[in-house]
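S.K.: The structure follows.
The values are calculated or read from the model by the stated rules, or taken from the named source; none is laboratory data. Remember, predicted model here, so these are calculated numbers, not experimental data. Cβ sites come from the backbone with ideal geometry, for glycine too, and all protein chains shown count toward neighbours. Ligands, DNA and RNA are stripped out before the accessible areas are found, and what is left, the full protein with its side chains, is counted by its heavy atoms. Shrake-Rupley method; radii C 1.70, N 1.55, O 1.52, S 1.80 Å.
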Amino acid sequence: MSKVRVRFAPSPTGALHIGGVRTALYNYLFAKKHGGDFLLRIEDTDQTRYVEGAEKYILDALAWCGISPNEGQGFGGEFGPYKQSERKEIYKKYALELVEKKQAYYAFDTPGELDSTRKNHEQSGETFTYGPLNRETLNNSLSLSPEEVQEKLTAGIPYVIRFKIPKDKTLHLQDIIRGNINIESNTLDDKILFKSDGMPTYHLANVVDDYLMQITHVIRGEEWLPSMALHVLLYQAFGFQPPLFAHLPLLLKPEGKGKLSKRDADKHGFPIFPLNWEDKTEGTLAQGFREAGYFPEALLNFLALLSWSDPSGEEIFSLDELAQRFELENVSKSGARFNVEKIHWYNGQYLQKKSSQEILPIFENLLREKNITSNPSKDLKVIESLKERASFVSDILEEGMYFYQSPKTFDTKAAQKVLGEKTPEIVQFYLELFASLQESQFTFEILSEKIKQGITDNQLPMGPSMQTLRLGLVGKMAGPDVALILEILGKEESISRLIFAKQYNLEG
Ligand code: GLU
């Protein structure tokens, strides 16, 4: 087998969708697995849909994810340029070659003519396709004489070049994921390949480039499956060996039915784009996975397992491990439901793998956003004590806000349960104990021991005494071990919270 070469070929028509990230990932994994090349090609032939900033966004998003092409737009290589608008000259020659071979033809139908033909068909309950069964009746070089065609071309009448789909053929196509697919050629339409403004359409440019860039496998989304027959026929018409095809399943809504859209993502509160995306025409800002606190490793692991699974059933893999295990044959045919809980779970798994030091800068950013001054040694302890239960770094701060803001009120239900006759005595005991300790003695170990000892010596009830302390410090029944809370808050803050609680009448 020749060297594996695959490509990710997005169109810069907006932010890269999460489905696009999955396509890039699967191409990347496949190339890595086979020691091949992974290219980035920008397909910007449709200038009407071009969106400013979209190309840079694609590059930034891939960089954040850690999916790095080893060739292509922005990465160099011998098969460039890798941006289709810079390859315009190449395509015309190929379009004309097909006209020459009588595998394509000029069509002069105006948009108005096509519209009225379409309407006539609709009136008689039919759908109009410009194809093998009717092309000879339309305004093109198959129905006009060579002189008429020449005349129109010389006069500069706008034209398109259409592919001549072979008539009455059954096509036998192969897809690595979907197996055999048979298609009757008469159901296909003569797609436009080239326009007189000098621009090729996606179909022509895609096939020509995949050929010239020596692509061996085309791995792309299911929405391109209907184009596969046309593409294979184009390769055949040129006399090129077609690449192998693998069409990835659709990403579905969390409910399971229908294609995942931005609206579904908004509804369920998860992002759909890897990075923040500002839509200048709409004046909206969509939050990205990065900004929402997802780790790129978690996102990739989740996406990898969204429509592929390892026979071992294992679920946590680094990018390198994924590349070793990935097989296109194990990609599922059916649509992949976006499971929100699962991606949160993945994020949590990757959060647990990170050291508190690694989490610290992200945590400090969150503190800054809330105008809270950071104190690295305290912050590290907060992270350490709450990390285990968190899926996102922001969960740690949300959960542990009481480490930064002293309670102003106390959970009444908890107070009713915990407080009683002994409360004044309990609070007094703590205040005296804490006052007697040096700041340096405010450690988890010393505090645990002294508190237990003191409660026993003073014949206070263990449960209520511990709970009262927690309620006084936190305002509710939450948080890690109370001795750890004390250590993190420090002597002064712990005492002042208890005094406040006492004044607040925590003593019942
Ligand atoms: N430019 C197409 C897209 O935006 C690429 C399709 C393909 O990979 O052939 O999805």
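S.K.: Set the Förster radius R0 to 41 Å, insert the Cβ-Cβ distance between K450 and R368 as r into 1/(1 + (r/R0)^6), and round the FRET efficiency to 0.05.
M.R.: The pair K450/R368 has a calculated efficiency of 0.70.
S.K.: With +1 assigned to the C-beta of every Lys and Arg and -1 to the C-beta of every Asp and Glu, and no other charges, what is the dipole magnitude of segment 1-103 about the Cα centre in debye, to the nearest 20?
M.R.: 400
S.K.: To check my understanding: the extent here is largest minus smallest coordinate of the Cα atoms along each principal axis. What are those three numbers for segment 1-137, in Å, largest first?
M.R.: 53, 33, 27
S.K.: Once both axes come from the Cα atoms, what is the angle between helix 18-33 and the longest principal axis of the chain, in degrees from 0 to 90, rounded to 10?
M.R.: 80
S.K.: Give me the accessible area of S196, 1.4 Å probe, in Å² rounded to the nearest 10.
M.R.: Its heavy atoms expose roughly 60 Å² to the probe.
S.K.: Can you work out the Karplus-derived ³J(HN,Hα) for every residue in segment 346-359? Use 6.51 cos²θ - 1.76 cosθ + 1.60 with θ = phi - 60°, whole Hz, and x for glycine or proline.
M.R.: Going residue by residue, I get 4, 4, x, 4, 6, 5, 4, 6, 7, 7, 4, 4, 5, 6 Hz, with x marking Gly and Pro.
S.K.: Filter the cross-link list K353/K491; K413/K476; K378/K413 down to pairs whose alpha-carbon distance in this structure exceeds 20 Å.
M.R.: K353/K491; K378/K413
S.K.: Y130's amide H: which non-local residues (gap 5+, or another chain) put their own amide H closer than 5 Å, with H modeled 1.01 Å from N in plane and none for Pro or chain starts?
M.R.: Excluding prolines and chain starts, which carry no amide H, the hits are D190.
S.K.: Right, something else. Taking all protein chains in place and a 1.4 Å probe, what share, in percent, of the accessible surface of segment 177-253 do carbon and sulfur account for?
M.R.: In segment 177-253, the share of accessible area belonging to carbon and sulfur is 52 percent.
S.K.: Sticking with this one: Do any of K83/K195; K33/K262; K83/K164; K101/K169; K56/K253; K267/K342 go past 22 Å between their Cα atoms, and which?
M.R.: Beyond 22 Å: K33/K262; K83/K164; K56/K253.
S.K.: At a probe radius of 1.4 Å, what is the per-residue accessible area of S2, in Å² to the nearest 10?
M.R.: The accessible area of S2 comes to roughly 80 Å².
S.K.: I've got another one for you. Hey, if you put +1 on the Cβ of every Lys and Arg and -1 on every Asp and Glu Cβ in the chain, which of V340, G479, P12 ends up farthest toward the positive end of that dipole?
M.R.: Toward the positive end, the furthest listed residue is V340.
S.K.: For segment 311-456, give the percent of accessible area contributed by carbon and sulfur heavy atoms, probe 1.4 Å, rounded to a whole number.
M.R.: Reported share for carbon and sulfur atoms: 47 percent.
S.K.: Given H placed on each backbone N at 1.01 Å, which residues far from L193 in sequence or on other chains put an amide H within less than 5 Å of it?
M.R.: Amide H neighbours of L193: I161, R162, F163.
S.K.: Quick check for me: using +1 on Lys/Arg Cβ and -1 on Asp/Glu Cβ, what's the dipole size of the chain about its Cα centre, in debye to the nearest 20?
M.R.: My answer is approximately 440 debye.
S.K.: Moving on. If you line up the long axis of helix 462-474 against the longest principal axis of the chain, both from Cα atoms, how many degrees apart are they, to the nearest 10?
M.R.: The answer is roughly 60 degrees.
S.K.: Now, a different point. Between L39 and residues 5 or more places away or on another chain, which pairs have amide H atoms under 5 Å apart, with H built 1.01 Å from N, and which residues are they?
M.R.: Residues meeting the criterion, in which the H sits 1.01 Å from N, are V6, R7, F8.
S.K.: Further question: List, in order, the whole-Hz ³J(HN,Hα) value for each residue of segment 219-235 obtained from phi through the Karplus relation with A = 6.51, B = -1.76, C = 1.60 and θ = phi - 60°; use x for Gly and Pro.
M.R.: Each residue of segment 219-235 in turn: 10, 8, x, 4, 4, 9, 4, x, 8, 4, 4, 4, 5, 4, 5, 5, 4 Hz.
S.K.: In square angstrom, what is the accessible area per residue of the chain with a 1.4 angstrom probe?
M.R.: Solvent-accessible surface per residue comes out at 48 Å².
S.K.: Using a 1.4 angstrom probe and counting only protein chains, how large is the accessible area of S406 in Å², to 10?
M.R.: Answer for S406: close to 40 Å² accessible.
S.K.: Just from its helices, what would the mean residue ellipticity at 222 nm be for the chain, if runs of 4 or more DSSP H residues each count -39500 (n - 2.57) and the sum is divided by every residue, rounded to the nearest 500 deg cm²/dmol?
M.R.: Theoretical 222 nm ellipticity from helices: -13500 deg cm²/dmol.
S.K.: So what J values fall out for segment 186-198 if you push phi through Karplus, 6.51 cos²θ - 1.76 cosθ + 1.60 with θ = phi - 60°, rounded to Hz, Gly and Pro as x?
M.R.: Once rounded to whole Hz, the list reads 5, 7, 8, 10, 6, 5, 6, 9, 8, 10, 5, 7, x.
S.K.: Once R0 is set to 51 Å, what does the formula 1/(1 + (r/R0)^6) return for the Cβ-Cβ distance between F500 and E52, expressed as a FRET efficiency to the nearest 0.05?
M.R.: 0.40
S.K.: Using the charge dipole of the chain (Lys, Arg: +1 at Cβ; Asp, Glu: -1 at Cβ; taken about the Cα centre), state which of Q150, S356, I183 has its Cα farthest towards the positive end.
M.R.: Checking the options against the dipole of the chain, the answer is I183.
S.K.: Further, regarding this structure: As I understand it, the value is the acute angle between the Cα axis of helix 54-65 and the longest principal axis of the Cα atoms of the chain; what does it come to in degrees, rounded to 10?
M.R.: 50
S.K.: Can you tell me the Rg and Dmax of segment 387-508, counting just the alpha carbons, in angstroms?
M.R.: Cα radius of gyration and Dmax of segment 387-508 are 13.9, 42 Å respectively.
S.K.: Taking the chain, how much of its Cα-Cα pair set, in percent, is spaced more than 35 angstrom apart?
M.R.: 52
S.K.: Once the dipole of segment 50-98 is set up with Lys and Arg at +1 and Asp and Glu at -1 on Cβ about the Cα centre, which of G72, L62, S85 lies farthest towards its positive end?
M.R.: Of the candidates, S85 comes out farthest on the positive side.
S.K.: I'd like the FRET efficiency for D168 and Q352, computed as 1/(1 + (r/R0)^6) with the beta carbon distance as r and R0 of 45 Å, rounded to 0.05.
M.R.: Given R0 = 45 Å and the Cβ-Cβ separation, E is 0.15.
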